[in-house]
Structures are given as C-alpha cells and as structure tokens.
Amino acid sequence: MINAFSLILAIITGISGIFWSVKKLRTIMYNRDQHKKIFLQKSTNTYQQSRNAYSLIISYCSIISEFISSIFPILLLVFIIRSFVFEPFRIPSGSMMPTLLIGDFILVKKFIYGIKNPITQKTLINTGHPRRGDIVVFKYPKNPELNYIKRVIGEPGDKVIYNIITKQLIIYANHVNNIACIQPLPIVYSNVVPSNFIQVFNNDVNGKVNSSFIQIGPHQKCSHGIRLIQTTESFSGIEHNILTMIPPGDQNLIKMYDQHTKHLISEWLVPTGEYFVMGDNRDNSADSRYWGFVPERNIIGKAIIIWMNIKKQQEGIWPISIQLHRIGNIQ
C-alpha cells in the first residue's frame, strides 16, 4: 500500500535537499563574503548580457536553484511533522455526528500507534495500539486511496454484537483468547434526548433519494425531516454521544420484534491484527457492519483536536462562516 502524496512530498523534499546540499558545499568551499561578491558580480554581468539567450537561461536557472534550495528546510519540517507527528484532515460527511460535523478540520496524532514508514505505512517502531473508544483515521480497506474516520468498537479477539432495532451494542472482550469470558463489557445508554440534528430526504433529478442534515434548536419544528435522537454511550471508561433514529432500547420496539430477534442481531468476531469500527451517527454510517474490519496497518492515527470549522450556508454555495465554538479536544 503506497501513500502517493507522501511519496511525492518525499521526492520534492529530496530534490530540494540536493540543491540545498550543493549550495552548502559551495559556501564551505568559498569564503561567504567572497561568495556573495562573486554571486552579485555574476548577477550583474548576466543582467548586462541579458540580450544573450544563453545568459538569460543561466540567470533563470541560478534564481530557480536558489529558490529550491531555500525552501528545503521548510519542506523537511513539513515532511517530518506530517509523516510522523500530526496530519490535518477535513470531515466531509456526517457519519461521525454529533462528535464531528461536516466542515470540521481535525489534527490526527500519528506516532501514538507507532512510527511508520510514510510511504509504505509499515510500522518501524511500535508505540501502542488503538483502544475501544478511540476515533481513528484510516485507509479504507476497499480503496486505500480514501481516508475514513470512525470510532473503534471492537479490538482484536473481541466478539461484537449489534441489534439493528434496539440500536444497542454487546461486546465480549478478548473472546477468542479468554474462553472464560462469559460476561460482556458493561455498556450504558443514558441521557436520551432529541438532538438538534434533522435528517432531510430529497429526490435528485434521477429519482434517487439523498439525505442531508440540518441543525436547528430543540423547540423548532421541521416538517420535511426526521429529528434524530442523541444518546450518551459509555464503555471502557469512555463516554461519547451517538445519534440514532429511535432511542436505544426502546421497549415498544423490543416487544414488536421479539419473535424475530434472531434475524435482527448481527455478530462479528474481530480477527487478530484488525479492528471493528462504527460511526457515531449509527443509522447513517458506512462502517465495519457493511464492509468489514480495518487492518492495523491501515490506521493512520488518532483524532485528537478540532482546530477549525468552516461551514457553508448551503452545501456547495458561498458564503462561508467560521464556527469558533467548534474548536477544542475530541471526545
């Protein structure tokens, strides 16, 4: 799995490094003051002979060479930080609402899960592993050119059960290696309230149904959409909010579908070296429930902070506004 952008950045940084090294060698070989005088004299002579095409080419090449060598320290710093420390991403969809919104700009801590080769993503130094509850950015297993962001629900060896009607999770930790593990992790659902998010459905010109999200106050009404339910989900010492179309554990629905529960429960056994991930917007997220597990080698890092949010008044239409209240740590 080749990271194309990192490869291009590495090549550009390497080329500028060669120019920078040549410049430093020239500086070492000649006295700095003398070198400046020689450079100024050559520049003056070149300018005076500017009618000569060859001289013009030499002059332009000299200017380009100076520019390329001068940006090497900046490129090297960007390459190191982006490859091993932090990398910025923008949230393009609502699959992680209400934790992350469309237009959020986040920073991802890369070294927390290991120092990796930025080109091949092979782990060079192991510094840790993703834990349940972590929000991770990863290369989409079906198409590594795409970056996805989801929350880790199941670690290697876990048995994950999800009821599509009650919207509740059951997790048996380390189910593969610990045969005596008969009790699931305690998962608590609390603070069930109507959210500020409305899911709106529209038909496009081809008759296909598309959905989008709008945010309004709790007492405002929207006749052409469904108000989602916000619930606090707690497990492994971590609390986070999720969105569903109905309240998790709704007793009326449990009674209604009780005779069919075997068809409404899905189970997954997480393989070694892979993870089960889900979006916080549970009914509007393409995640491990649909396309499978995420290999650890695909994981880029952990999302830790929102550093900016740019919101368009209407999708695809200007103007935009900066949401300063969105800036802060990610839960």
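Just so you know, all these numbers are worked out from the coordinates, no wet-lab data involved. What you are looking at is a predicted structure, and each value in this text was computed from that prediction instead of being measured. Don't worry about glycine lacking a Cβ; one is built from the backbone with ideal geometry, like all the others, and counts go over all protein chains shown.
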Quick one: which residues, 5+ away or cross-chain, put their amide H under 5 Å from the amide H of Ile119? H built at 1.01 Å from N.
-> none
For labels at Asn191 and His129 in the simple 7 Å Cα→Cβ model, what's the distance in nm?
-> 3.0 nm
With 32 Å as the limit, write out which pairs from Lys23/Lys302; Lys110/Lys159; Lys122/Lys311 have Cα-Cα distances beyond it, or answer none.
-> Lys23/Lys302; Lys122/Lys311
Segments 210-221, 161-172 sorted - mean Cβ within 10 Å per residue, highest first = 161-172, 210-221
Computed over region 83-156: relative contact order in percent, which uses C-alpha pairs under 8 Å that are six or more apart | 23 percent
So the FRET efficiency between Ile11 and Leu324, C-beta based with R0 = 41 Å and rounded to 0.05, is 0.65
